[in-house]
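Novice: Please read through the structure below; I'll follow up with questions.
The values are calculated or read from the model by the stated rules, or taken from the named source; none is laboratory data. The structure displayed is predicted, hence computed values, not measured ones. Here the Cβ is made from the backbone with ideal geometry for all residues, glycine too, and neighbour counts use every protein chain on show.
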Amino acid sequence: MKCENCNNPATVHLTEIKAGKKIEKHLCESCAAALEGIGNAKGHTPINELLTNFVMAQSGGALKEQTSTCETCGITWAEFRQSGVLGCANDYRTFEKELAPLIQRAHEGATHHVGKVPTRRGSTTLAPKRRVDTDKLKKDLQRAIEAEDYERAAKLRDQIRTAENA
């Protein structure tokens, strides 16, 4: 399609409904930017921002701008949302309220790093993995016995005893 104003390729397609009639406009980026009320036609607005703007417009409330800025590096919440990268360690305290749901979602409900426990230590959080390992060893033992591979069966038996006693 061509732009209605200058015959350049149309990249912005608008549909308006006025007085029950559908009005379509096909414009190039420069003509769309020049048209009042369109704003920045070049950039794409994220869906969550569109939905927030729509809900706020329908409820009559004004969108509050995020004005918190990190004192150390100067990054704003909007800049973080756009880039996905924090500027410094202080940002975790500055944007704690906003970051908490993101961190929880990324870490399956956890908000603080608790570290890892070595496998040989025998943590209760590792019990299901150990149970799976012993079950696998028991199946391998049964197969070794059926195949009359008694040397391998003896090694597997010892591994099972070690795993169950740990």
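Novice: If you go through region 142-166, how many residues are part of a helix (DSSP H, G or I) and over 43 Å from the mean Cα position of the chain (by Cα)?
Specialist: 13
Novice: Enumerate the pairs (first residue in region 78-92 and under 19 Å from Ala106 (Cα atoms); second residue anywhere and small (Gly, Ala, Ser)) with beta-carbon separation below 9 Å, excluding pairs fewer than 6 apart on the same chain, so at least 6 apart or on different chains.
Specialist: As it stands, the answer is Phe80/Gly87, since those pairs meet every condition given.
Novice: If you don't mind, another one. Would you check which residues across region 46-77 are modelled with pLDDT under 70 and loosely packed, with under 11 Cβ neighbours inside 10 Å and list them?
Specialist: Gln58, Ser59, Gly60, Gly61, Ala62, Lys64, Glu65, Thr67
Novice: Kindly provide the set of residues from region 80-92 that are loosely packed, with under 11 Cβ neighbours inside 10 Å and part of a helix (DSSP H, G or I), ordered by number.
Specialist: Passing the criteria: Gln82, Ser83.
Novice: Select from region 3-25 the residues that are more than 38 Å from the chain's Cα centre (by Cα) and assigned to a strand (DSSP E or B) and write down the one among them that is modelled with the lowest pLDDT.
Specialist: Lys18
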